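Take a look at the structure below.
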Amino acid sequence: MRALPRALALLAVSATALASLSGCASVVDVDAAADAANAACADVMIALPPIVAENGQRETNSQATSAWGDPSQVVLRCGVAVPGPTTDPCVTVNGVDWVLKEGDPAWTATTYGRDPAVEVLFDPEKVASSTVLVELGDAVSRVDQGRACVGLDEAIPAPSDG
C-alpha cells in the first residue's frame, strides 16, 4: 500500500513539471511609453483581446504594453506621444483613426485624436494591418477621441472667389 501514495506523489510532481514546461514562453521585453501610467491605459489593457491575428497574447515586462505571437508578431504600447497634424496616411477602421508609418520590416500604427495614444507595431508581411487594427479597435476605443483624421483637401481652405 505504500507504493500508491509514492506513485501519486510522483504523478503530481510530473504533472507540475509538465505544466510549467508547457507555459515557458519567454517574457517580451517592451519599453514602456512615457505616459504608460495614465489611468486610461488601464482601461485599454483590460479590454485587450487574448488573440490578435491568430497569435496568442504573451506577458511583457512593462506597464501598459502587450504582445501577441512567439516570436512577437504584434506589439502594443499605451501612453505614447499623441501625434499632431501630419502628412502621414491616416485611416479610420471601425471608428478608430490610426496614423500609419511604413517601416522595414515593422509598420507603426498610432491612434490619432486620442490622449493617451496607443501605438501598435507589426510586420504587414506576417499579419494583415486590417486584421490587427480591427481586433484592437474595441480596446483602444476606450480612450475618447477628441480629434479626427482629415484629408489634405479639408485641411487647406479652398481659395475664395472674391
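The values are calculated or read from the model by the stated rules, or taken from the named source; none is laboratory data. Quantities reported herein were computed from a predicted structural model and do not represent experimental measurements. With ideal geometry, Cβ positions are generated from the backbone for all residues, glycine too; neighbour counts draw on all protein chains shown.
Within the range 8-31, can one find any residue that is at pLDDT 95 or above and surrounded by 13 or more Cβ atoms within 10 Å (Cβ to Cβ)?
Taking every residue of the range 8-31 in turn, at least one turns out to be at pLDDT 95 or above and surrounded by 13 or more Cβ atoms within 10 Å (Cβ to Cβ).
Scan the range 59-78 residue by residue and report those that are buried (at least 20 other Cβ atoms within 10 Å of the Cβ) and charged (D, E, K, R).
Scanning the range 59-78 gives a single hit, R77.
Taking the residues in the range 48-89 that are polar (S, T, N, Q) and not in a strand (DSSP E or B) as candidates, determine which candidate is farthest from R142 (Cα to Cα). Before you say what the answer is, go through the steps one by one.
Here is the first cut: in the range 48-89, the residues polar (S, T, N, Q) are 55, 57, 60-63, 65-66, 72-73, 86-87.
Adding the requirement that they be not in a strand (DSSP E or B) leaves 61-63, 72-73, 86-87.
Details: N61: 23, S62: 20, Q63: 17, S72: 24, Q73: 23, T86: 23, T87: 26 Å.
Applying the filter and picking the extreme gives T87.
Please tell me if T108 is hydroxyl-bearing (S, T, Y), under 14 Å from L136 (Cβ atoms), surrounded by 13 or more Cβ atoms within 10 Å (Cβ to Cβ) and touching a residue at least 12 places away in the same chain (Cβ under 8 Å). So that I can check it myself, show each step before the final result.
Working: hydroxyl-bearing (S, T, Y): yes; under 14 Å from L136 (Cβ atoms): yes; surrounded by 13 or more Cβ atoms within 10 Å (Cβ to Cβ): yes; touching a residue at least 12 places away in the same chain (Cβ under 8 Å): yes.
Against the criterion (hydroxyl-bearing (S, T, Y), under 14 Å from L136 (Cβ atoms), surrounded by 13 or more Cβ atoms within 10 Å (Cβ to Cβ) and touching a residue at least 12 places away in the same chain (Cβ under 8 Å)), T108 qualifies.
Which is hydrophobic (A, V, I, L, M, F, W, C), closer than 19 Å to D31 by Cβ and in contact with a Ser or Thr (Cβ under 6 Å, 6 or more places away or on another chain), of A81, A67, A109?
Working: A81 fails: in contact with a Ser or Thr (Cβ under 6 Å, 6 or more places away or on another chain); A109 fails: in contact with a Ser or Thr (Cβ under 6 Å, 6 or more places away or on another chain).
Of the residues listed, the single one that is hydrophobic (A, V, I, L, M, F, W, C), closer than 19 Å to D31 by Cβ and in contact with a Ser or Thr (Cβ under 6 Å, 6 or more places away or on another chain) is A67.
Confirm whether V99 is within 27 Å of A39 (Cα to Cα), touching a helix residue (DSSP H, G or I) at 6+ places or on another chain (Cβ under 6 Å), in a strand (DSSP E or B) and among the β-branched types (V, I, T).
On the way: within 27 Å of A39 (Cα to Cα): yes; touching a helix residue (DSSP H, G or I) at 6+ places or on another chain (Cβ under 6 Å): no; in a strand (DSSP E or B): yes; among the β-branched types (V, I, T): yes.
Spelling it out, it is not the case that V99 is within 27 Å of A39 (Cα to Cα), touching a helix residue (DSSP H, G or I) at 6+ places or on another chain (Cβ under 6 Å), in a strand (DSSP E or B) and among the β-branched types (V, I, T).
Out of all the residues in the range 111-130, which are crowded, with 16+ Cβ neighbours inside 10 Å, outside any loop (DSSP other than H, G, I, E, B) and either within 13 Å of the chain's Cα centre (by Cα) or among the hydroxyl-bearing types (S, T, Y) (or both)?
Answer for the range 111-130, where residues must be crowded, with 16+ Cβ neighbours inside 10 Å, outside any loop (DSSP other than H, G, I, E, B) and either within 13 Å of the chain's Cα centre (by Cα) or among the hydroxyl-bearing types (S, T, Y) (or both): T111, A117, V118, E119, V120, L121, F122, S129.
Working carefully through the options A36, A81, A47, find the one that is exposed (fewer than 15 other Cβ atoms within 10 Å of the Cβ) and either within 14 Å of the chain's Cα centre (by Cα) or of a type in the set (S, T, Y) (or both).
Details: A36 fails: exposed (fewer than 15 other Cβ atoms within 10 Å of the Cβ); A81 fails: either within 14 Å of the chain's Cα centre (by Cα) or of a type in the set (S, T, Y) (or both).
Just one listed residue meets the conditions, A47.
The rows are residues; the columns are (1) modelled with pLDDT of 95 or more; (2) of a type outside the set (D, E).
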position	(1), (2)
G103	no, yes
Y112	yes, yes
V120	yes, yes
V132	yes, yes
D138	yes, no
R147	no, yes
A158	no, yes
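One residue is enough: does the range 79-92 have a residue meeting the conditions in contact with an Asp or Glu (Cβ under 7 Å, 6 or more places away or on another chain) and over 19 Å from P116 (Cα atoms)? Working first, answer last.
Step one: filter the range 79-92 for residues in contact with an Asp or Glu (Cβ under 7 Å, 6 or more places away or on another chain), giving 79-80, 82, 90.
Subsequent filtering for residues that are over 19 Å from P116 (Cα atoms) retains none.
No: zero hits.
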